[in-house]
Amino acid sequence: MSGVVWLDALSLALIGAGVLFFLAGSIGLLRLPDLLSRLHALTKADNVGLGCVVLGLMLQAGDAYELLRLVLVWLLVMFAGSLACYLVAHSAVTAEATADAASPAATATAAPAASRDER
Amino acid sequence: MAEPTHPAAWADAGLWLAAALIAATIVLGLLRVERGPAPADRMLAAQLLGTGAAAVLLLLARATAQPALLDVALVIALMAAVATAVFVRRIGVQAGARGPGADAQPDSPPPPPPPRPPVP
């Protein structure tokens, strides 16, 4: 049964790496100064942290169905994280550009929302 | 289908410890929700919260040998995606909301108003 023990140890090491990424992302979210740097810290915690945890849990998975659901959670979080970070960063950059071009009190995000409606 | 195996005692304790640590990072993210100056900052912290909750649920599903918690994690991941997309669509990131780091640069005066076209 030593193979199982090594598998458990490797799994726990991967889970520990994931916990470290979560910790780093959370500290970065607290200490970094502006929105885009916080976004940078957040995406690392999302993708790599949850990825390491899922990889570690996959090594312990009992059957294929459980393994499939673990991969599904990971893929869903990666898809959601990339989508959300693109949306937030695009909105922030567009708002800055609009505020620089026009008066600062303008409704900054009205234009991209309207253009997105046309599709 | 194989019987779901329960992990060894020390691996089980490691799973519980990892779940507790990730829950502690969720509490750190709640601080950002409380103090974040812009709505976008709070929303980002809420997204980290959703991911952390999914990770805690995955760990607990293994530690307590209840695979139904995996479905709960799936639902939470889906909800986090929908929440951020709806936030950006409905509220958006306001200009000048990029935090004190962006505001603390005094070397960028507001641009002069664009010159009017000459009236013929």
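Miscellaneous remarks
- Options B:48, B:74, B:58: the member that is surrounded by fewer than 23 Cβ atoms within 10 Å (Cβ to Cβ) and modelled with pLDDT of 85 or more: B:74
- Scanning the stretch A:80-90 for residues that are open to solvent by less than 10 Å² (accessible area, probe 1.4 Å) and more than 12 Å from the chain's Cα centre (by Cα) turns up just one, A:88.
- Among (1) open to solvent by less than 10 Å² (accessible area, probe 1.4 Å); (2) over 22 Å from residue B:43 (Cα atoms); (3) within 7 Å of chain B (Cβ to nearest Cβ) - the single one residue A:72 does not satisfy: (1)
- The stretch B:24-34 - residue that is more than 7 Å from chain A (Cβ to nearest Cβ) and open to solvent by 40 Å² or more (accessible area, probe 1.4 Å) and, of those, nearest to residue A:54 (Cα to Cα): B:24
- Criterion (touching a residue at least 24 places away in the same chain (Cβ under 8 Å), farther than 21 Å from residue A:48 by Cα and more than 7 Å from chain A (Cβ to nearest Cβ)) met by exactly one of B:67, B:37: B:37
- Here residue A:35 meets each of (1) under 18 Å from the mean Cα position of the chain (by Cα); (2) facing chain B (nearest Cβ under 8 Å); (3) at pLDDT 85 or above; (4) surrounded by 16 or more Cβ atoms within 10 Å (Cβ to Cβ) with one exception, condition (3).
- Scan of the stretch A:41-77 for residues that are acidic (Asp, Glu) and touching a Pro at 6+ places or on another chain (Cβ under 8 Å), ordered by number: A:63, A:66
The values are calculated or read from the model by the stated rules, or taken from the named source; none is laboratory data. Remember, predicted model here, so these are calculated numbers, not experimental data. Counting neighbours? That spans all protein chains shown, and the Cβs are built from the backbone with ideal geometry, glycine included. Heads up: the accessible areas ignore ligands, DNA and RNA and are worked out on the full protein's heavy atoms, side chains in. Shrake-Rupley method; radii C 1.70, N 1.55, O 1.52, S 1.80 Å.
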